[in-house]
Each structure stands twice: as C-alpha cells, then as structure tokens.
Amino acid sequence: MSSRMLIIVDVQNDFCEGGALGVEGGAEVAARIVGLVQSQGERYDRILVSQDWHRGDTDNGGHFAVPPAAPDFADTWPVHCVAGTPGAALHPEMAALAEELGERLEIVQKGYGIPSYSVLEGTVVATGESVQRLLADGDWEQIDVVGLAYDFCVRETALGAVAAGAPVRVLSDLTAAVHAAGIPALEQELAGAGVAVTAS
C-alpha cells in the first residue's frame, strides 16, 4: 500500500528572523506549516521534521566560515544550528506543534561534523532510521517538502527524494529562500528534475 510523507525542513530559530542565518519570512513559514499540519496532517502517513545539527568544536567540514574568511552564503556560512543550542532548536511554533503531536512528528537530525543540506542525509532520532533508506524502501504515493531555506536544504531534499524514485512536490508558499531573486531559476531546475512546484 502506498503512503504519503511530509518533510518539514529546518524550521529552526537560527533560520528565522533574528537567528544566526535568518531567512526573511522564516517565522511566517513556520506558522503556515503549523497550520497545514493542524488542518491536513491526517493525510500523511509520516511527518518528518529536520534539524540542522552541527558540531560546535569544528568547522563541520568547511561548512562554517573560519575567521578571517567571511562566509560566502553559497558554500560557507556563519556559525549556526550548533547541536543543543537555542539556535538549533525548532522555531517556537514548530516546537509547540511537536510537543502537541508527540511521536507523530518524527525528528531528523543532519550535519553533525559535515556539510549537510538534504534531509535524506539525516537520521530519524527516535528509531535510527536513515532517511535515504526510508525513502528508497517505501512505496510512496506522494512526498511533500516544505521549510527553510528554499534554495538550499529544501532544494536538495526535493532533488534527493525525486532521485530516490518518489513523486515529489514542493509546496512553495511554505518555503522562504536565502536568495529570493533566484527563485524563478530554482523552480525551473526543480521542474526539470521532475519535482512538482505548487501551492499548499
């Protein structure tokens, strides 16, 4: 029997306004995603909620810019989402939803010591499942991807999921980008790879 999955990407304090790597519109995206899950969550057999979860004692394989070098916001970044810090915590609205729904929302962590954009590189905390294997082994009718940031971790997750053979949609109104001017080219790339881009 085929299943449906929702992947909520990196809706964390450091990626929302006021965070170390805040994306404009991040908090609004958090609220919209919570609304989607509260109104339509029963449509999904599994809901994954990812966290960037980096080490604080290394540059995570070159992911963090090391002074005096400045981050280029393409391959290197300011220090962000260090495991166990408030910046790595889920945005308060997302955290409240996770508390409300308990095991229904499955936390995935990625990027501990390495650059990591795709949620497929992560592991489900409660079960130790590889997300890559979970997608590859499942009979997925639909995988919906939402979250932050559209042009990095959402992009990589969607492309990875479609490469794993799943039908994938990005719900574009439930995302926000680091480089908003690049969204038309991004959406062209996603469509070319077989990812449907639609509104929620």
Pull up the range 116-133, narrow it to residues that are under 16 Å from the mean Cα position of the chain (by Cα) and surrounded by fewer than 17 Cβ atoms within 10 Å (Cβ to Cβ), then point me to the one that is nearest to E156 (Cα to Cα).
-> S130
Among residues of the range 106-126, those that are out of contact with any Cys (no Cβ under 8 Å at 6 or more places or on another chain) and touching a residue at least 60 places away in the same chain (Cβ under 8 Å), counted = 6
Within the range 51-66, track down each residue that is surrounded by fewer than 15 Cβ atoms within 10 Å (Cβ to Cβ) and of a type in the set (S, T, N, Q).
-> T58
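Restricting attention to the range 38-50, does a residue exist that is open to solvent by 30 Å² or more (accessible area, probe 1.4 Å) and in contact with an Asp or Glu (Cβ under 8 Å, 6 or more places away or on another chain)?
The answer is yes, given that some residue of the range 38-50 is open to solvent by 30 Å² or more (accessible area, probe 1.4 Å) and in contact with an Asp or Glu (Cβ under 8 Å, 6 or more places away or on another chain).
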Please specify each residue of the range 170-184 satisfying the condition of being touching a helix residue (DSSP H, G or I) at 6+ places or on another chain (Cβ under 8 Å) and open to solvent by 40 Å² or more (accessible area, probe 1.4 Å).
-> D173, V178, H179, I183
Out of curiosity, is E106 under 20 Å from I7 (Cα atoms), acidic (D, E) and open to solvent by 40 Å² or more (accessible area, probe 1.4 Å)?
-> no
Which listed residue, of A89, A136, A69, A74, is at pLDDT 95 or above and open to solvent by 20 Å² or more (accessible area, probe 1.4 Å) | A89
List every residue pair whose Cβ atoms sit under 8 Å apart, with the two residues 6 or more apart in sequence or on different chains, where the first one lies in the range 53-64 and is more than 16 Å from G84 (Cα to Cα) and the second, anywhere, is acidic (D, E) and open to solvent by 30 Å² or more (accessible area, probe 1.4 Å).
-> G62/D75
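The values are calculated or read from the model by the stated rules, or taken from the named source; none is laboratory data. All figures in this text were calculated on a predicted structure; none of them were measured in a lab. When we count neighbours, we look across all protein chains shown, and the Cβ atoms used for this are built from the backbone with ideal geometry, even at glycine. Quick note on the areas: whole protein, heavy atoms, side chains included, nothing else; ligands and nucleic acids left out. Shrake-Rupley method; radii C 1.70, N 1.55, O 1.52, S 1.80 Å.
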